Amino acid sequence: MAMEGRRISEELSPRYYGLCAVGGMLSAGTTHIALTPLDVLKVNMQVYPVKYYSISKCFSSLMREQGPSALWRGWTGKFFGYGAQGGCRFGLYEYFKGVYSNVFVDQNRNFVYFLSSASAEIFANLALCPFEAVKVRVQAQPCFAKGLYDGFPKLYAAEGTQGFYRGLFPLLGRNLPFSMVMFATFEHSVDLLYRNVAKRRKEDCSVAQQLGVTCIAGYAAGSVGSLISNPADNIVSALYNRKADSLKLAIRKIGFANLFTRSLPIRLLLVGPSITLQWFFYDTIKVLGGLPTSGEVATDLRDHAS
């Protein structure tokens, strides 16, 4: 128990949280840039479901009508917006997990994971929302703006501050459950892989093996999270592109069943690899900074206690 207490105290340090925040920012920002073409397809399929009824149809139509550059629209919004979100999401998750672990000592670990990720995600979405508002419009409305540079002042002139946060509650509705499920799934997947597959303590595995566990757990976390949050993702795209003026109207126009199925295949294609890469880059940065890879392993705690 003394070693576990020392580990927790080391993690509750400004250097640890700062490195986690930087790692989250860089991993999320760079990953989202790489997946911009898939995001463009997803947003257009959500906003114009009749015209873009399949991935291949959406891709061929955009290439024919707008050219290859259309697939990279909104990349600046993705880099800065999701970079800010990633810094808050990962850095604050680690912070809140450390705080809540000390407060709720005897609570089930799921409670700590859910509470920590939810607390972090609120701040992460406040940081993301203005960038997301511009990005979605740029991707779905070619005449709106070229990027953040001209998109921010144009949106502010047209709708004021409210325009930047029009989709905040649907965004929270999408990202809060996603983040809660994603972090909890990741933590349990890491524990499962070390106990039942590697059958060794994390410290006894090589760095390559540890990062392999991170990637597998990251893919599972991203896939499960995208299933949970797909309805809210469709609502966010509809509200930002003025396809509906309220949450109720958006649900009515999209249709209850379509909330769960529309753009789901491409979202799984987008989110699974995206979250996998984020966790891989994030843990790589932590390892380079002299920190352990992410995820708790129950067997480690029992070994320390003994």
What is the local net charge at Phe79, summed over the other residues whose Cβ is closer than 14 Å to its Cβ (Lys, Arg +1; Asp, Glu -1)?
-> +1
Taking the Cβ of Leu227 as the center, what net charge do the other residues with Cβ under 14 Å away carry, scoring Lys and Arg +1 and Asp and Glu -1?
-> +2
Count charges around Lys146 for me, please; just the other residues with Cβ under 13 Å from its Cβ, Lys/Arg as +1, Asp/Glu as -1.
-> +3
Would you mind getting me the FRET efficiency between Lys248 and Lys57? Use the beta-carbon distance for r and R0 = 30 Å, nearest 0.05.
-> 0.50
Taking 0.36 nm per residue of separation and subtracting the Cα-Cα distance, what length does fully extending Tyr156 through Leu268 add?
-> 37.1 nm
For region 156-223, what's the relative contact order in percent, using C-alpha pairs closer than 8 Å and at least 6 residues apart?
-> 36 percent
Starting from the Cα gyration tensor of region 130-169, take the square roots of the eigenvalues, sort them a ≥ b ≥ c, and report rounded, prolate or oblate (rounded when a/c is under 1.5, otherwise prolate if a/b is larger than b/c, else oblate).
-> oblate
Would you mind calculating the gained length between Leu227 and Trp72 on full extension (0.36 nm times residue separation, minus the Cα-Cα distance), in nm to one decimal?
-> 53.3 nm
How would you classify region 189-280 from its alpha-carbon gyration tensor, with a ≥ b ≥ c the square roots of the eigenvalues: rounded for a/c under 1.5, else prolate if a/b is greater than b/c, otherwise oblate?
-> prolate
What is the packing order of peptides 225-235, 192-202, 76-86, taking the mean over residues of other C-beta atoms within 10 Å and listing the highest first?
-> 76-86, 225-235, 192-202
Whole-Å semi-axes of region 156-209's equivalent ellipsoid, largest first, each the root of 5 times a Cα gyration tensor eigenvalue?
-> 43, 13, 5
Computed over the Cα atoms of region 111-218, what is the convex hull's projected area averaged over all directions, in nm²?
-> 9.2 nm²
Over the chain, equivalent-ellipsoid semi-axes from the Cα gyration tensor in Å | 37, 19, 18
Residue separation between Ala298 and Ser206 times 0.36 nm, minus their alpha-carbon distance, gives in nm 31.2 nm
For Ala257 and Tyr149, extending 7 Å from Cα along the Cα-Cβ vector and measuring point to point gives, in nm, a value of 4.7 nm
For the chain, size of Cβ-based charge dipole, Lys and Arg +1, Asp and Glu -1, in debye = 1140 debye
222 nm mean residue ellipticity, helices alone, for the chain (DSSP H n ≥ 4; -39,500 (n - 2.57); rounded to 500) | -26000 deg cm²/dmol
With +1 on each Lys and Arg Cβ and -1 on each Asp and Glu Cβ, how big is the dipole of region 150-224 about its Cα centre, in debye rounded to the nearest 20?
-> 200 debye
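Rule-based calculations on the coordinates, nothing more; no lab input. The model shown is predicted, which means the values in this text are computed figures rather than measured ones. Cβ atoms come from the backbone with ideal geometry, glycine included; neighbour counts cover every protein chain shown.
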